[in-house]
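Below: one structure, written as structure tokens.
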Amino acid sequence: MGGLCHRDRKIFINYPGMRSRVIVRMIDRIGVMLVVFLVVVGCTEQLTCGKPYIKVGNSCCLDKNDNSICDNNEGQKGDSIDVDKVAKKGTDNIVDEITQKEVDKITAEQTKKITDDITKQKTKEITDKILGSMGATVTGGTAAKKCDPNIPTKRQFDSEPYYTGSLIDAHVHMPSAFPIPDSFAKQAEVEMPAFDQDVNRADVICLFDREGIKSVVGFYLVANLLTEQSVDTAEEMEKEYPGRIAPFLISPHASSIDLKPEDVESIIVSNKGLFKGIGEIGMYKPAYKDMQPDDPKFTKLYDIADKYDLVVMIHPDSDNKEAIKKILKDYPDINFLFHGPESAPWLGEIFDNYPNAYYTLDTDLFQLDKEYGPTGIYGIESKEEFISFVENNYDKLLERNIKNWKEVVEKYPDRFTWGTDIAEEWQYDPEVGALLEEGSRAFIGQLDPKVQEKFAYKNAERLLTK
Ligand SMILES: [Zn+2]
């Protein structure tokens with residue numbers, strides 16, 4: 001269970017999705033802004049102003065000459081929704097520390113009043129303004145290329161036996177489709193990678209090529225704002241690099257801007273065949289803390305997965321065992337892919353009873369026990385630290401992986417997939433990638449030869465081509 005406090009900049013030592021959490025925080029704040037906008041719209045809808053007054057925003061103003069422009073605004077454009085103002089207010093609110101609870105409260109009270117049409121019409125405009133006013137652009141620049149496809153990775157250690165075959169990385173968080181504003185990144189004290197601006201698209205594929213990774217499961221964050229940009233990015237990557245990334249649709253894990261199930265379905269339908277799965281659904285995230293994986297919020301998504309033959313990827317929390325069993329039983333035709341340390345203790349029980357359960361072994365391959373301090377790609381915070389950590393502990397890591405995982409992976413040879421869980425910018429670095437590859441191949445080499453390829457790529461391949 002990864003829940004150790006580590007300074008106040010990272011909530012979890014062990015795990016996961018630092019980037020996702022930051023996005024959630026950022027997105028929560030954008031959510032606040034949207035709420036401000038929605039309040040304006042909501043009030044506008046309820047208010048009627050008798051002549052010679054006209055309705056403007058949430059109040060009435062005098063319009064004697066009946067030209068639909070307030071008399072005190074004559075000569076100016078008479079928009080009833082002042083996008084600049086709303087964006088400014090949203091920005092101010094974002095800068096204030098607003099708790100998730102407050103966001104949820106305001107959201108619950110106000111969003112009911114809003115029609116989807118108005119939201120859709122104005123969301124993008126306001127979001128662009130907000131991102132712009134915070135120093136971010138919606139269309140990023142071009143990140144320098146760091147990866148040379150002509151230089152293969154070089155081994156640094158000489159552990160034998162060593163697996164040299166193909167790999168499928170079953171857990172990759174794709175860079176965000178749009179740059180995350182600096183102020184958000186600063187608040188969270190992490191670097192946020194965005195496609196084009198921070199991580200070069202070709203580099204992503206170059207890393208896979210160098211490391212012998214034939215394809216990956218890639219989580220694309222799709223929220224109820226900037227939805228199009230996110231889906232377009234997944235589509236463009238598929239067009240440019242067909243078959244290299246199996247796109248999964250991941251939610252921001254924030255009640256205010258999570259896609260509604262009907263929106264998920266419409267994205268799946270209107271981009272036929274693009275998405276191969278839904279998830280990762282992180283049950284440990286604050287927004288889902290009091291829910292179980294069989295909550296209607298999630299079963300509606302499973303219904304969609306069932307209908308369109310999609311994999312569902314869940315990161316269960318430690319108290320989710322019964323609910324996980326229930327969904328495996330209720331949805332026998334869905335292949336569920338799990339990961340994370342919380343469910344590791346009850347994996348055997350799950351595998352013994354449910355043929356539709358799979359598990360990706362990823363960050364734990366670079367984790368040491370607590371006495372070593374922060375370890376693994378979510379305990380360590382930079383490329384340099386990670387490189388020295390692996391260089392100093394290579395044998396220890398391998399030893400631990402053999403002790404903790406070899407037996408169970410060989411016992412359930414058809415259920416485990418390999419992965420990395422890379423997400424942050426430094427984790428997309430070629431040197432980091434080379435070490436993730438080498439440590440993983442060294443572990444795979446220690447498995448029964450009959451199991452090696454299954455774990456390395458065949459199980460993932462079967463799962464994705466079902
Ligand atoms: Zn993840």
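The values are calculated or read from the model by the stated rules, or taken from the named source; none is laboratory data. No experiment lies behind these values; they were computed from the predicted model shown. Every residue, glycine among them, receives a Cβ derived from its backbone with ideal geometry; neighbour counts consider all protein chains shown.
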| Near pairs, Cβ below 6 angstrom, 6+ apart or cross-chain, from segment 337-364 (within 18 Å of L436 (Cβ to Cβ) and part of a strand (DSSP E or B)) to any residue that is more than 12 Å from the ligand (Cβ to nearest atom) and not hydroxyl-bearing (S, T, Y) | L361/F416
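To keep it simple, each residue is scored yes or no on (1) on the phi < 0 side of the Ramachandran plot; (2) in the same structural domain as L226 (by TED's automatic domain parsing); (3) within 16 Å of the ligand (Cβ to nearest atom); (4) at pLDDT 95 or above.
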residue	(1), (2), (3), (4)
P247	yes, yes, yes, yes
G282	yes, yes, yes, no
Y288	yes, yes, yes, no
V311	yes, yes, yes, yes
H315	yes, yes, yes, yes
D330	yes, yes, no, yes
| Within the set of pairs 6+ apart or on separate chains, which have a first residue in segment 450-466 that is over 16 Å from F248 (Cβ atoms) and modelled with pLDDT of 95 or more, a second that is among the polar types (S, T, N, Q) and surrounded by 18 or more Cβ atoms within 10 Å (Cβ to Cβ), and C-beta atoms under 6 Å apart? | N459/T417
| Filter segment 426-435 for residues that are within 15 Å of T363 (Cβ to Cβ) and away from the ligand (no atom under 14 Å from the Cβ); which is modelled with the lowest pLDDT? | W426
| field | Inter-residue pairs, beta-carbon under 7 Å, first in the same structural domain as L361 (by TED's automatic domain parsing) and in segment 379-403, second among the polar types (S, T, N, Q) and not in a helix (DSSP H, G or I), 6+ apart | value | G379/N14; F389/T375; L398/S159; I402/Q446
| task | Could you tell me whether D66 is modelled with pLDDT under 75 and of a type outside the set (A, V, I, L, M)? | result | no
| said: Suppose we keep only residues that are closer than 14 Å to M174 by Cβ and touching a Gly at 6+ places or on another chain (Cβ under 8 Å) within segment 249-265. Which one would you say is modelled with the highest pLDDT? | reply: L249
| note | Scanning segment 383-425 for residues that are in a helix (DSSP H, G or I) and either within 16 Å of the ligand (Cβ to nearest atom) or acidic (D, E) (or both) gives E384, E385, E391, D395, E399, E407, E410, E425
